[in-house]
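Visitor: Take this structure, written in C-alpha cells, and hold onto it; I'll ask about it next.
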Amino acid sequence: MQKKGLYKEKIVDHYKNPRNYKKLKDYDYKITRSSATCGDEITIFIKMQEGLVGEVGFQASGCAISVAGMSILSEKIKGMTLTDLNNLSEDFVLGLLGMDSKSPRVGCAILSLKAVKGAINMEEDDPCDFC
Amino acid sequence: MEQKEIIDQFPILKRQINGKRLVYLDNAATTQKPDRVIRALRQYYEEHNANIHRGLHTLSNEATELYEGAHEKCAKFINANNMQEVIFTRNTTESINLVAYAWGRKFLKKGDVVVITGMEHHSNIVPWQMLVKELGIRLEWVPVIDEGEGKGHLDMEELKRIISVNSNHIKLVSIVHVSNVLGTVNPIKDIIDITHNAGAIAMIDAAQSAARIKLDVKALDVDFLAFSSHKMYGPTGIGVLYGKKDLLESMNPWMCGGDMIRRVSRDDYSLNELPWKFEAGTPNIADGSVLSEAIDFIEEVGFDYIQKHEKDLISYAYDNLADIDDITIFGPGGSDRLGVISFYLNGVHAHDLATLLNEDGVAVRAGHHCAMPLHLQFGIAATARISFAVYNTRDDVDVFIKSLKDAKKRFI
Ligand SMILES: Cc1ncc(COP(=O)(O)O)c(C=O)c1O
C-alpha cells in the first residue's frame, strides 16, 4: 500500500477495522454527533470506572478520517479523567491522525473530539438527517 | 477553433497540484477564466477605474460605458429587448432573492402557491421557505423520478396535477434549467407555457445552462431568469437577473441608497429608471464590465462547439464510470444530460474520494452540492461530482478514471 498523502496505512486500517466499534448497554455518557456538510455521524458511549474512562464504544457512518479518528481516539481516552477529556485539544487529535491543521478535512478529524466532549458535558444529540 | 487553442487560453490549467497536472472537473461550482478575462480585469483597474454615473471626467465616462456596455452585451446574449431588463447582482442566489424580496413580498399573500422542484439548488428553495414563514404562502414540490423510465427527470404529470389542483392560487413556478446534481435538462419551454396557461409567472435558474445552452428569453417567454458570471468563464461577484420590463417596473426596489434614485428631497424621492432602480450603491464595476469578455469568449467558441464537446465528454465519462463495479450514478443516462455526473462509490465516502483524487491532481466536488432535499431522496449525505467545461478533454477523463480505480483499490 502507498503511504503518500492523508491516507496513511494507520488511517485506512482503523477505517476498515475500527477499534471499540460496539454499542455499550451500560454507559454513563452517550451522544450522537454529526457534521451536516459531510454527513458524518458518530454515536459514542462512555462508561466510567472510579473516575476514569473505563470502556468506550462507538458506532459511525462517515468518511475514513472521521471513523479512523474516532477509532484511534477511543483507544487513547481510556484511563483519562473527565478533566483530561475536557482538556483534549484539536491539535492532539490531528496529531494522532498525522494531519495538518490546514487540511480541509480538519472538520472530519475533530468530529470524534466533539463527540467525546459533547457526551461528557451532556450536550444534546445532533443526528444527521441522512444517516 | 482547435481544442488546444481553447486550452491555451486558460493559464491556470498549467498548474501542478501535488506534482501532477491539474485536471479541473469542478466546473459546476465555478469555471476557470480565460486569459482575456484576467487581462481585462487588470486593464480596467490600470486604465479606466472610476465611479460610474456620477463623474463628468473621462475615466468616469469610460467606466460607465464599460459597465453599461456589459449590460447591453448581456441583453443581446440572452435576447432581451435592452439593458433595462438586465440587472447585475452578485450571483444567481442574489438574483433569486431579489425576486423573492421585491416581487414576492409585494405580490404574494397568504395561501398563494409557489411551485419548485425536488432538484433545486438551495438558492431556489430557501428564499421561498422564508416567504412560507413570513407570508404564509405554500410551497409545492414537483418530484424527481427515482427509477425506471424518466429516471432523473421531473414528473411532468405531477407538475400538471399540482398546477391544476391549485390553479387559482399558483403565482410563480421557479425551476432550475440544468440540474447541478443530476445534469438533467428540464423542458423549460413546456413548463413556462403550462405556467402561463395557469395565469402564473415563471422563473428559470439558468446557473448551469448559461455557458452551455443558448438562452433566448423572448423565445422562452420567460418572466425572470437568473445566472452567475463565474459559472460562465467570467469573474466572480457578478450575477444577472433578467426580468420582463413591466414586471420589473411594477416592483419596488429592495435596497435603497445611491444610484437607484433620480432625485431626493427631505420629504421624498423618485426612483431611477431600470435597471439602476435595482442596483443601489456603487456596483461591482470591474467584474461587471469584464462579463463582456466572458460572453465574447463563449460566442467565439460557439454554443454548437461547446455542446458537442461537452456531450462527448459526458457520454465518455458516463460509460467509463458505469463500467466500474460498486458505482451508483444519479440522474439520467449519459447521452441525456449536460454538464455534470454525480455518483457514489460504495465503500468509499465521497469526501475520501475527493481527497484521494486531489492527490492525483484531479479536482472534483464532494458533498450535497447545495441540494440537500435531493440528497435526502437519494438517502445519502454526500455524492462525488464531476463537471465539465469546454477546456476539458478525454485525457482528463482518463486521468480521473484511473485515479478513481486506484482509490478503490486502496479502500475496498
Ligand atoms: C443550479 C444552481 N443554481 C444556483 C446556484 C447558485 O449560484 P451562486 O452560488 O453563483 O449564487 C448554483 C451554483 O452553485 C447552481 O448550480
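The values are calculated or read from the model by the stated rules, or taken from the named source; none is laboratory data. Quantities reported herein were computed from a predicted structural model and do not represent experimental measurements. Every residue, glycine among them, receives a Cβ derived from its backbone with ideal geometry; neighbour counts consider all protein chains shown.
Visitor: Kindly indicate which of B:295, B:329, B:261 is surrounded by 14 or more Cβ atoms within 10 Å (Cβ to Cβ), in contact (Cβ under 8 Å) with a residue 24 or more places away in the chain and aliphatic (A, V, I, L, M). Break it down into steps so the answer makes sense when it comes.
Guide: On the way: B:329 fails: in contact (Cβ under 8 Å) with a residue 24 or more places away in the chain; B:261 fails: in contact (Cβ under 8 Å) with a residue 24 or more places away in the chain.
On inspection, the qualifying residue turns out to be B:295.
Visitor: Also, quick follow-up: Does residue B:222 fit the bill of being within 11 Å of the ligand (Cβ to nearest atom) and away from chain A (no Cβ under 14 Å)? Write out each step before concluding.
Guide: On the way: within 11 Å of the ligand (Cβ to nearest atom): no; away from chain A (no Cβ under 14 Å): yes.
Here the answer is no, as residue B:222 does not meet what is asked.
Visitor: Report the residue count in region B:25-50 for those that are free of Cβ contacts under 8 Å to residues at least 24 places away in the same chain and small (Gly, Ala, Ser).
Guide: 1
For (1) surrounded by 24 or more Cβ atoms within 10 Å (Cβ to Cβ); (2) under 13 Å from the mean Cα position of the chain (by Cα), each residue gets a yes or a no:
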position	(1), (2)
B:180	yes, yes
B:210	yes, yes
B:238	yes, yes
B:243	yes, no
B:249	no, no
B:252	no, no
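Visitor: So which pairs qualify, if the first residue must be in region B:272-285 and buried (at least 22 other Cβ atoms within 10 Å of the Cβ), the second must be in a helix (DSSP H, G or I) and of a type in the set (D, E, K, R), the Cβ gap must be under 8 Å, and the two must be at least 6 apart or on different chains?
Guide: The qualifying pairs are B:275/B:85.
Visitor: Name the one entry in B:236, B:184 that is within 16 Å of the ligand (Cβ to nearest atom), touching a residue at least 40 places away in the same chain (Cβ under 8 Å), of a type in the set (Val, Ile, Thr) and in contact with a Gly (Cβ under 6 Å, 6 or more places away or on another chain).
Guide: That would be B:184, the only listed residue that is within 16 Å of the ligand (Cβ to nearest atom), touching a residue at least 40 places away in the same chain (Cβ under 8 Å), of a type in the set (Val, Ile, Thr) and in contact with a Gly (Cβ under 6 Å, 6 or more places away or on another chain).
Visitor: At the interface with chain B (Cβ under 10 Å from one of its Cβ atoms) and charged (D, E, K, R): is that true of residue A:33 in this structure?
Guide: No, not satisfied.
Visitor: Output the number of residues of region A:62-89 satisfying the condition of being of a type in the set (Ser, Thr, Tyr) and outside any helix (DSSP H, G or I).
Guide: Matching residues across region A:62-89 total 2.
Visitor: Of everything in region B:60-100, what is basic (Lys, Arg) and within 16 Å of the ligand (Cβ to nearest atom)? Give them in sequence order.
Guide: Correct list: B:90 only.
Visitor: Taking residue B:287 as the residue in question, decide whether it is at pLDDT 95 or above, touching a Gly at 6+ places or on another chain (Cβ under 9 Å) and of a type in the set (Asp, Glu).
Guide: Against the criterion (at pLDDT 95 or above, touching a Gly at 6+ places or on another chain (Cβ under 9 Å) and of a type in the set (Asp, Glu)), residue B:287 qualifies.
Visitor: Can you tell me which residues in region B:342-384 are aliphatic (A, V, I, L, M) and either assigned to a helix (DSSP H, G or I) or within 13 Å of residue B:400 (Cα to Cα) (or both)? I'd like the intermediate steps shown before the answer.
Guide: As a first pass, look at region B:342-384 and keep what is aliphatic (A, V, I, L, M): B:345, B:348, B:350, B:353-354, B:356-357, B:362-364, B:366, B:371-372, B:374, B:376, B:380-382, B:384.
Those that are aliphatic (A, V, I, L, M) and either assigned to a helix (DSSP H, G or I) or within 13 Å of residue B:400 (Cα to Cα) (or both): B:350, B:353, B:354, B:356, B:357, B:362, B:363, B:364, B:372, B:374, B:376, B:384.
Visitor: Here are some conditions: (1) more than 14 Å from every other protein chain (Cβ to nearest Cβ); (2) in a helix (DSSP H, G or I). Residue B:335 meets all but one. Which one does it not meet?
Guide: Single failed check for residue B:335: (2).
Visitor: Give me the residue from region B:52-76 that is of a type in the set (A, V, I, L, M, F, W, C) and in contact with a strand residue (DSSP E or B) (Cβ under 9 Å, 6 or more places away or on another chain) and, out of that set, nearest to residue B:291 (Cα to Cα).
Guide: Here the answer is B:70.
Visitor: I'd like to verify a number: residues in region B:83-93 that are closer than 12 Å to residue B:225 by Cα and in a helix (DSSP H, G or I), how many?
Guide: Qualifying residue count for the region: 3.
Visitor: Still on this structure: Within region B:119-146, work out how many residues are small (Gly, Ala, Ser) and either within 13 Å of the ligand (Cβ to nearest atom) or in a helix (DSSP H, G or I) (or both).
Guide: First, pick out the residues of region B:119-146 that are small (Gly, Ala, Ser): B:123, B:136.
Narrowing the set further to residues that are either within 13 Å of the ligand (Cβ to nearest atom) or in a helix (DSSP H, G or I) (or both) leaves B:123.
Residues in region B:119-146 being small (Gly, Ala, Ser) and either within 13 Å of the ligand (Cβ to nearest atom) or in a helix (DSSP H, G or I) (or both): 1 in total.
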